[in-house]
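This report refers to the structure that appears directly beneath it.
All of the numbers you see were taken from the coordinates with simple rules; none came from a lab. Here the structure is a predicted model, which is why all the values come from computation and not from measurement. Note that each Cβ is placed from the backbone with ideal geometry, even for glycine, and that neighbours are counted across all protein chains shown.
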Amino acid sequence: MRHAPVNTTLSSTQISSYGDNGFLLIPDFLSAVELAAWRTAVESAMEARGDAVLPRADDPLLGASRTVLYQRINLWMDHPEVRRLVLHESIGQMAATLEGVDGIRVWHDQALYKDPWANPTSWHQDNTKWSFSARHAITIWVALDEVDARNGCMFFLPGTQRHRLETDFPTGAPMNAIFTAHPELTVIDPVAAALPAGGCSFHNGLTVHAAAANMSRHPRRAMTCAFMPDGATFNGTQNVLPERLIKSLQVGDTLNDDEQNPLIWHASGTSA
């Protein structure tokens, strides 16, 4: 059984809402059977990865503090079941449809666990951290547990996908840091992205978002995957790119290495 997502059809209303707000919530994304498959795959991949945040010895080192998040990146690279689930063509097509692009490549997946009592994730934009700058980057965030404001659900600032903030705000920064630097954001009411287990959200790479602290006794588990539009180019930031690519890339080069950033959906029918 392939355990493809049960709900991958997007309505015109959903597409329009995403375009207006920069995010979309889909509460019924996975069935109970599919959710169980995702939980099993991610837990297995996390256990197999051990202490390594990234899969290869030549990958750059990223902070592994669990004060805010317990994270493992690019699990698809060393766990076939995660690859089959997260890099499913139907998810790529959803991402491309929401962003109005012809093709979607994986940027990186990321298991994001908040331990009990973990600190909040500060307000930030994703794409300012990454190795490409694109208005049409997009992330899927799949809730493996029920999430709400009590245990660390995400919050979005609607409409903020229209403006790139050139400053990168670390996820462990003070919660008011982005508002001090950009007081124009203080007039926007945040939207809480509460979801049942098996629900998902999509958000644009420039949508300002945060996550609450986990005030519960249990971990808050989520599996995410960030995508970039086919044709995105290198901006000079290493982020998760391995040394073998950094040595060969010049600013402006297309990020089309299929070992690192596979094409999972294209309007022409070509995919990984």
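When only DSSP loop residues count, what trypsin sites (Lys or Arg not before Pro) in the stretch 52-141 have their Cβ near at most 14 other Cβ atoms within 10 Å?
On the way: sites: 56, 66, 72, 83, 84, 105, 114, 129, 135; in loops: 56, 66, 135.
Taking the stretch 52-141 and a limit of 14 other Cβ atoms within 10 Å, the loop trypsin sites (Lys or Arg not before Pro) found are 56, 66, 135.
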TODO: Mind sorting out which of (i) 17.3, 50; (ii) 19.2, 71; (iii) 18.5, 62 is the real Rg and Dmax of the Cα atoms in Å computed from the coordinates?
DONE: (i)
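Within the chain, what's the longest run with no GluC sites (Glu not before Pro) in a DSSP loop and at most 10 other beta-carbon atoms within 10 Å? Give the range, please. The partial results should precede the final answer.
Details: sites that count: 166, 259.
Maximal segment without exposed cleavage sites: 1-165.
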- [ ] Name the most mobile residue of 222, 48, 95, meaning the one with the largest mean-square fluctuation, in a Gaussian network model of the chain with Cα contacts below 10 Å.
- [x] 48
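Can you compute the helix-only [θ] at 222 nm over the chain? Use -39500 (n - 2.57) per DSSP H run of at least 4 residues, normalise by all residues, nearest 500 deg cm²/dmol. Don't skip to the end; give the middle numbers.
Working: 6 runs with 55 residues, N = 272.
Calculated at 222 nm, the ellipticity per residue is -5500 deg cm²/dmol.
Mean Kyte-Doolittle hydropathy of 0.0 or higher plus an axial Cα length of 24 Å or more: which whole DSSP H helices in the chain meet both?
Working: long enough: 32-49 (26 Å, 0.17).
Span-like helices, by this rule, are 32-49.
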Open item on the list: Please state the shape class of the stretch 214-272: rounded when a/c is under 1.5, otherwise prolate if a/b exceeds b/c and oblate if not, all from the C-alpha gyration tensor.
Closed with: oblate
Task: Nitroxide proxy distance, nm - points 7 Å out along Cα→Cβ at residue 11 and residue 56 - done: 4.4 nm
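I'd like the trypsin sites (Lys or Arg not before Pro) in the stretch 179-246 restricted to DSSP loop residues with at most 16 other Cβ atoms within 10 Å, sorted by number. Present the calculation step by step, with values, prior to reporting the outcome.
Working: sites: 217, 220, 221, 244; in loops: 217.
The qualifying sites are 217.
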TODO: Would you mind telling me which residue in 124, 218, 136 has the biggest mean-square fluctuation in a Gaussian network model of the chain, where springs connect alpha carbons within a distance under 10 angstrom?
DONE: 218
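Going by how many other beta carbons lie within 10 Å of each one, how would you line up 128, 97, fewest first?
Working: 128 16, 97 19.
Least crowded to most crowded, the residues run 128, 97.
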- [ ] Provide, for q = 0.14, 0.17, 0.22 Å⁻¹, the log10 of I(q)/I(0) from a solvent-free Debye sum over equal Cα point scatterers in the stretch 1-121.
- [x] -0.74, -1.05, -1.31
Task: Gyration tensor (alpha-carbon) shape descriptor, the stretch 142-237, a/c threshold 1.5 - done: oblate
Task: Label-point separation, residue 48 to residue 246 (7 Å along Cα→Cβ), nm - done: 2.7 nm
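Using the count of nearby Cβ atoms within 10 Å as a rough guide to exposure, how do 29, 227 rank from fewest to most? Each step should come with its number before you reach the end.
Numbers: 29 25, 227 32.
Arranged by neighbour count, lowest to highest, 29, 227 become 29, 227.
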Task: Size of electric dipole in the stretch 1-147: Cβ of Lys, Arg +1 and of Asp, Glu -1, about Cα centre, debye, nearest 20 - done: 180 debye
